[in-house]
Each structure stands twice: as structure tokens, then as C-alpha cells.
Amino acid sequence: MTDLQTSLMAIGGTIVIGVISYNKWQEYKARKTVERAFSSDQDDVLMKSPASAGETIDRHEPVLVDDDVLQPASTAPASTQPFAEAPSQTDTAAVAPPAAQPAVQRDLPVDDLIDCVIPITPEGPLRGEKILPTLQTLRHVGGKPVHFIGQRDDGLWEAIAHGGIYYALRAGVQLANRSGPLNEIEFSELVTRLLQIADDLDAEPDMPDMIHVMPGARGLHQFVTEYDAQLSVNVQSNGSPWVINTLLAALERQGFDLRPDGRLVMPDGDGGVLFSLSTNVTLAAESTSRLTLLLDVPRVAQARDGFGAMISCARMLASRLDGTVVDDGNQPLSNAALEEIAGQVRDFYGHMEAADIPAGSVRAQRLFS
């Protein structure tokens, strides 16, 4: 089979997948239209808002404020409450009740910048404990994670949780990560499975067109490729090899954690990893003459100074183990060379910040995974 034939088969397969997904979407829309036309409205009294029972409530709509954070904006009419009565002669001052603090939008697992966000409109309010089992059936498509969030009655969004009541949903599939961009097959799988979930929840998703999603996925993956930087330094023994068992015990005393997969990592103090260390031999080996410290630059926040911490650790190990800090070519690293690299790291962080994907942020952690 020639390369041309193989390419034509791949293109044909993609077209077939797209057509099947489109037909399923059209069938779904037609079925929902018929169901709505012949359904009878049966309100759940427990799920009704006070307004539906004839009471007056404040209506909140989400609005954008600084840092693209959603805050509730009250659109309720002005209060008709009469002025409070003047205090009696025995009162020294009128004490006003404390002002209600507005709810704050939390960080969300669905992100407009790095996810393909799909609105889902239910027929009525949905309880978190009722819909979680259904939503949890869709956690990944291919190598891309899928998350869901729900809108509360105050207009704010949150990850779906037990006890919550949600008036709208959003699904988000990550557009790219280190394994590659979201592709046509993954997107088609998402469409098929999300339509089934929406049907189970008596809701309607607003699916984007695949031809509009793919360019964004490829562009985001290009960013991941360009900023996927990992820096390493080595400590080379000046004499005899180090005994592994003795070495591991000493490294753990210096703060390294030995993970089940055999990796040694330096914790950042907040549940993350500052940098890692490799002995460059298998766990069955008895000794090693070389240690390698590795910094995953985009996954460590600039404020933590991961590069500076890694170099300090390498120098300490070299001093205590009678070794030399060297590069991958086994050449000693001078202070001038290390300062130059540190400057490049600072520039790198500045570029990531300008792209609104600061190193070490939730966005960066998700993209560079």
C-alpha cells in the first residue's frame, strides 16, 4: 500500500467519523424537539425556586470583573423596606447589620482558555447527587480529561457536588497536553458520549462544530511544545561510586521523598514537586557515580525559584559526597554559566505570564501533563 493510499484512507476515515457524529447530533435534536412538543410540564415542588411560588427573590446574573472572575450582579428592584425606627433615648448609637459578603467565584476545573467548553441546558434544576454517577462515566476521551461544572442559583459556577442544585451545566474537554492536541477521533467520541449523557439527564448540549475546535487545539499544543522546558544538572563522583542504600537514606534525610515508582522528588511544601533526582541506575544496582537533578520548568511557579533551589541542592550534594556539578556533557558548570541559565529561566517565566498561563498555575499543571 502506497503512502498516498494510506493518506486517502485516513482522510476518508476522518470524514466518515465527522458525518456519523453530525448525523447523531441531528437525530438527537429532532428527537428532543418531538419530546418537548408532547411532554407535559410536571414541576417538582422541592426543586422550584421561591419565585415560581409567587415570592419575590433577588435575581443574580453572572458578570465579568477583574481577572475574568464571575461575580453575581443583583438585578432585584429597590427595596421597599421602610426606614428603621430611631433608637430609643437609652441607645447610644444605631448599629447597622453587617453587610453581606458577595460570593466569590472559585477556580474551576473547566477553563475557557484550555478547554473546549460545551454548554448543557437541562429541562429543570438538577441535584448533584443525582447526576454525578452519570457524569462520572465520562472522565476522558482518548488522552484528554473531561470535567463538568454547574451553575448555582446565585449565578456562580462550581464543580458538581453532592447537595448542590444546578440550573445549567458546562462540560469541558482539554484541548491539548504533552501527548498532543485533541484530535478528530477524540472529539467525535466526546460528541457521541455527551449526547447520551444529555439524553439521560433530559438536557440539551450546544455542540460546537469540529472544524472550529481543531485549529484551537493545534494552536494550544504548539504552545505546549514551545514551552515544554526541562533543565537538568548533574553531580559526578570525584572518586569511588556511592553505595545506593546509603545514598538513598542520606537523600531522604535531606528532604527527598522516595515515590513508589522509584523517583526521588523534592516537595515544594504545598503538595507539589520542586524538582526530582535520578540515580541513573536501576533499583537493583548497588552503586552509582552520577546523580541527575531535573526541573520541570513550566510546572513550578516562578516565586518558588525552582532553578535556584535545584542548583543549591546540587552544590550541597557535591560538597558532601565529594562530587562536581557538571552538565550533560560532563563539563563543570561555572557560576557564570549558571547565572546565564537563571536569566533565561526568568525570561521564560515572563513569556508564560504574558500568555496568561503562568508557570506552576493550574492551567500550566494541566497543559504540561
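In whole Hz, what ³J(HN,Hα) sequence does segment 109-119 give by Karplus (6.51, -1.76, 1.60; θ = phi - 60°), x for Gly and Pro?
x, 10, 10, 4, 7, 10, 10, 7, 9, 10, x
So if I average 1/r over every pair of distinct C-alpha atoms in segment 224-313 and take the inverse, what Kirkwood radius in Å does that give?
It works out to 13.9 Å.
Among 340-352, 225-237, what's the highest-first ranking by average C-beta atoms within 10 angstrom per residue?
Highest to lowest by the protection proxy: 225-237, 340-352.
Want the number for Ala342 to Ser232: 0.36 nm per residue separation, take away the alpha-carbon distance, what's left?
38.4 nm
Where the eigenvalues come from the Cα gyration tensor of segment 126-219, what are the semi-axes √(5λ) of the equivalent ellipsoid, largest first, in whole Å?
25, 13, 12
From the phi angles alone, apply the Karplus equation (6.51, -1.76, 1.60; θ = phi - 60°) to segment 224-237 and give each ³J(HN,Hα) in whole Hz, x where the residue is Gly or Pro.
Working through the residues one at a time gives 4, 5, 5, 10, 7, 9, 10, 10, 9, 10, 10, 10, 9, 5 Hz.
Scan around Val300 for amide H atoms under 5 Å from its own, H built in the peptide plane at 1.01 Å from N, and keep only partners 5 or more places away or cross-chain.
For Val300, the qualifying residues are Gly360.
Could you list which residues have their amide H under 5 Å from that of Phe275, counting only those 5 or more apart in sequence or on another chain, with H placed in the peptide plane?
Under 5 Å from the amide H of Phe275: Met266.
What order do you get for 328-338, 134-144, 261-271 when each peptide is scored by the mean count of other beta carbon atoms within 10 Å, highest first?
134-144, 261-271, 328-338
Sort the following peptides by mean Cβ neighbour count (other Cβ atoms within 10 Å, averaged over residues), highest first: 165-171, 210-216.
165-171, 210-216
I'd like to check one number: the per residue accessible area of segment 167-318, probe 1.4 Å, reported in Å² as a whole number.
That works out to 46 Å² for each residue.
Could you check the simple spin-label distance between Leu132 and Asp200, using points 7 Å along Cα→Cβ, in nm with one decimal?
Taking the two extended label points, one gets 1.5 nm.
Set the Förster distance to 22 Å, then compute FRET efficiency between Asp327 and Leu248 from the Cβ-Cβ distance, nearest 0.05. Before the final figure, lay out each step's value.
Numbers: r = 24 Å, r/R0 = 1.11.
E(calc), rounded to 0.05, equals 0.35.
Whole-Hz ³J(HN,Hα) for each residue in segment 292-307, computed from phi via Karplus 6.51 cos²θ - 1.76 cosθ + 1.60 with θ = phi - 60°, x for glycine and proline: what do you get?
10, 9, 10, 10, 8, 4, x, 9, 10, 5, 4, 4, 7, 6, x, 5
State the volume of the convex hull built on the alpha-carbon positions of segment 260-369, expressed per residue in Å³ and rounded to an integer.
126 Å³
The values are calculated or read from the model by the stated rules, or taken from the named source; none is laboratory data. Just so it is clear, the structure is predicted and the values come from calculations on it, not from any experiment. Using ideal geometry, Cβ is built from the backbone for each residue, glycine included, and neighbour counts are taken over all protein chains shown. Only protein heavy atoms, including side chains, enter the accessible area calculation; ligands, DNA and RNA are left aside. Shrake-Rupley method; radii C 1.70, N 1.55, O 1.52, S 1.80 Å.
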